[in-house]
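To start, the structure under review is shown below, and the notes come after it.
The values are calculated or read from the model by the stated rules, or taken from the named source; none is laboratory data. Quick caveat, the model's predicted, so the values are computed rather than measured. All Cβ positions, even for glycine, are placed from backbone atoms using ideal geometry, and neighbour counts span all protein chains on display. Accessible surface is based on the protein model in full, side chains and every heavy atom, while ligands, DNA and RNA are left aside. Shrake-Rupley method; radii C 1.70, N 1.55, O 1.52, S 1.80 Å.
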Amino acid sequence: MFASVFVVILGLFYCSKESSQSFLGRPQLYGPSEALAKKAVEFECEVLDYPEDELILLQLFKVGDHNWLLGESTSLDGEVAVIPMIIKTSHEGYLECVASAQNNSEITPTVSHPHYLKVVEPVEGAEIIHSGPVELYEGNPLKLRCELSAGTHVSYKWLLNGQPVSQSPVRYVADDRLMIYRTSSGDSGSYVCVATNTFNKTRVFSSNSSKVVFTVKDLVSNPSITFTVLKEDSQNYSAVVTCESTRGTPPITFSLYNRTELVSNMTTDDRQATFKVPLVLDRHLGWLQCQANNSDRIAYSDWLPLEVVPVGGPVTMHYDFDLGENYAIVSLRFYCKVKKGSHPRYQWFLNKTLLQDRGSFYYVANEPPKQSILLLSVGRSSTGTYRCEVSDSFDNTTAISSKKHYLDKDVLNRLPILLVAVVFGCFTTLILLVSICCCIGVMFRRRQYGEKSLLNLEMERMTVAYEGDLDLSMYNEDPDVVNTARGDEFDQVRLDGFIIGYKQPVKLLCLCPPQTSEASLDEWLHIEEEKTTLEDEHV
């Protein structure tokens, strides 16, 4: 039994030894994970399980491409194989070591786990590539690209006049490209591309492109057109027409047209141009328009009538005011207008002093040709007589003045005499009406009753009655109710429509004539009610 077990164990040991001699274990690949291009590095490949007395060939490939041998070495008896390499940018990627028996094709080759290699090539030769001119007008796109002669794993930064270019709705910055969809004058300046990369997070390589200067010109804006009148002599006048644009890169060419006829043109380095046109007063000489151009786009002004009307007609002045605490007037505005005139000049006077622009208590706001406004702070300093004077801006020989208006703080805040008179008159009229109505009522009563008043008539009809003199049998009252009504808390009893108050002794006031029957009593009551109604209506 023991002998058989020993034979089995010995057989298994022999078979295991034979198997280990023909089996090749998985190689282990060691080396840097990052390397500089054009530098020599070494990779190590080791096989821990190998057949004895077999020369092992260790080869270095890129994963998936065994047609390109990167390096190789041999190992005997488990020696670590060293594979030297000169790094190229194409070496970047996953590498693997393949182990095989050099002289025994029956042993199956084995492959190591993949090892990633990052190849860093220092950046060199940054240059900005662009298409199109370096001078362009706003609204056009600008496309830039940063090109390198060498470099991997590069980060880019764009500078405009030394400041980083940020992303925006009209700017697109992505690695080596800069795209500006709609340029403006703010995009003018020198552009630089800065390319950088790092090795092992310790060494930094950088390359700056040369500056490229771009000029973005502003398109000229729609010009404004105005004109002033120049008096040449007593008979001749000229219109000095000014065309002006608020923006636009010079030089700008301005052209003046009268309807479709070109009057004159001028190229200037400023944003305005001046033209002189003959003028006749009180006559319409056409319509003027300015055109401005600094590119292939023409900007147009509004149409302006060429007509000058001298001032004339009355000058009117009115005012409104603002109320403060206790409803006192604290500020006031005078408005001055002239009936006609295309180029009026307004002047304000306090007494005989000319008020110009702004003072301690006033401010002049001219809105030619429509009107002029004088804003006042009501106080002691603003007291005085105000007037407005209007003349032609080109000829002050003739001036038209408004009516004078006296201003005083106490007068402004005093109730108007007319208002007081109206209120007092209304109150007096109301009193008179009430008095007349009362007099008419008294006269009507006297006419109806003569000298006797209604009170005297009622007193004559009153007769004193006592409780014992009354005959209650003619009334249908319950005797119990009558007896109950004699207490102290209830001192009134109703007898067939009459209220008779009593306490001991009881006095009854009866408005009916004595010795009347029940039918005649009802008739008499009906007559009295009609009299009372008539009296109330007359009153």
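For the pair V134 and Y327, label points projected 7 Å from Cα toward Cβ lie 7.7 nm apart.
A cut-off under 10 angstrom between Cβ atoms defines the neighbours of R182, and their net charge, with Lys, Arg +1 and Asp, Glu -1, is -1. Round to the nearest 0.05 the FRET efficiency obtained for D77 and S33 when R0 = 30 Å and r is the Cβ-Cβ distance. The calculated FRET efficiency here is 0.55.
Remark: region 310-318, residue by residue, has Karplus-estimated 3J(HN,Hα) of x, 5, x, x, x, 9, 9, 9, 9 Hz, where x stands for each Gly or Pro and the curve is 6.51 cos²θ - 1.76 cosθ + 1.60 at θ = phi - 60°. Atom-type composition of the exposed protein surface of region 334-437 places 60 percent of the accessible area on carbon and sulfur (1.4 angstrom probe). Going 7 Å from the Cα of D282 along its beta-carbon direction, which residues of region 329-356 have the amide nitrogen within less than 18 Å of the resulting point? Inside the label zone: 339-344.
Our summary gives region 233-312 a relative contact order of 31 percent, counting only alpha carbon pairs under 8 angstrom and 6 or more residues apart.
For the cross-link pairs K88/K201; K143/K201; K88/K143; K231/K337; K39/K143, the ones whose C-alpha atoms lie over 30 Å apart are K143/K201; K88/K143; K39/K143. Largest first, the extents of the alpha carbon coordinates of region 235-394 on the three principal axes equal 65, 38, 23 Å.
Given +1 at the Cβ of Lys and Arg, -1 at the Cβ of Asp and Glu and no other charges, the dipole of region 124-235 around its Cα centre is 520 debye to the nearest 20.
So between T353 and S166, what do we pick up on full extension, going 0.36 nm a residue minus the alpha carbon distance? Please list the in-between numbers first.
Working: separation 187, 0.36 × 187 = 67.32 nm, distance 5.99 nm.
My answer for the length gained is 61.3 nm.
In whole percents, the pair-distance distribution calculated for region 243-295 from its alpha-carbon pairs, binned every 5 Å from zero, is 4, 20, 28, 19, 15, 8, 4, 2.
Among the chymotrypsin sites (Phe, Trp or Tyr not before Pro) found in region 102-208, those both in a DSSP coil and sparsely packed, with 16 or fewer other Cβ atoms within 10 Å of their Cβ, are Y181. Please list, in chain and number order, the residues 5+ apart from E54 or on another chain whose amide H is under 5 Å from its amide H, with Hs placed from the backbone. Answer set, sorted by chain and number: D77.
Please compute the length gained on full extension between M443 and T428, using 0.36 nm multiplied by the number of residues separating them and subtracting their Cα-Cα distance. Kindly include the intermediate steps, with their values, before the conclusion.
Details: separation 15, 0.36 × 15 = 5.40 nm, distance 2.27 nm.
Result for the pair: 3.1 nm of gain on full extension.
Of the peptides 119-125, 272-278, 435-441, the ranking by mean beta-carbon count within 10 Å, highest at the top, reads 119-125, 272-278, 435-441.
Between S234 and E307, the FRET efficiency from the beta-carbon distance, with R0 = 25 Å, is close to 0.75. The calculated FRET efficiency for S210 paired with N67, based on their beta-carbon distance and R0 = 51 Å, is about 0.75.
Taking amide hydrogens as placed 1.01 Å from N in the peptide plane, the amide H of Y386 sits under 5 Å from those of N351, H405, Y406, L407, each at least 5 positions away in sequence or on another chain. A 1.4 Å probe run over the protein chains yields, for region 49-137, 53 Å² of accessible area per residue, whole-number rounding. Remark: spin-label model distance V263-H318 equals 3.7 nm, labels positioned 7 Å along the Cα→Cβ axis.
Determine the gain in length on full extension of the stretch K157-D53; use 0.36 nm per residue of separation and subtract their C-alpha separation, reporting nm with one decimal. Numbers along the way, then the final one.
Details: separation 104, 0.36 × 104 = 37.44 nm, distance 5.92 nm.
Net length gain for the segment: 31.5 nm.
Rounded to whole numbers, the Karplus 3J(HN,Hα) couplings from phi for region 82-95 are 10, 10, x, 8, 9, 6, 10, 4, 6, 6, 5, x, 8, 10 Hz, using 6.51 cos²θ - 1.76 cosθ + 1.60 with θ = phi - 60°, and x at Gly and Pro. Backbone N atoms of region 285-317 closer than 18 Å to the 7 Å Cα→Cβ label point of A365 belong to residues 317.
Where does the charge balance sit around H318 when Lys and Arg score +1, Asp and Glu -1, over other residues with C-beta under 12 Å from its C-beta?
Details: positive: R333, K337, K403; negative: D320.
Combined, the nearby Lys, Arg, Asp and Glu give +2.
Relative contact order (percent) for region 121-164, with alpha-carbon contacts under 8 angstrom and 6 or more residues of separation? Relative CO of region 121-164 lands at 49 percent.
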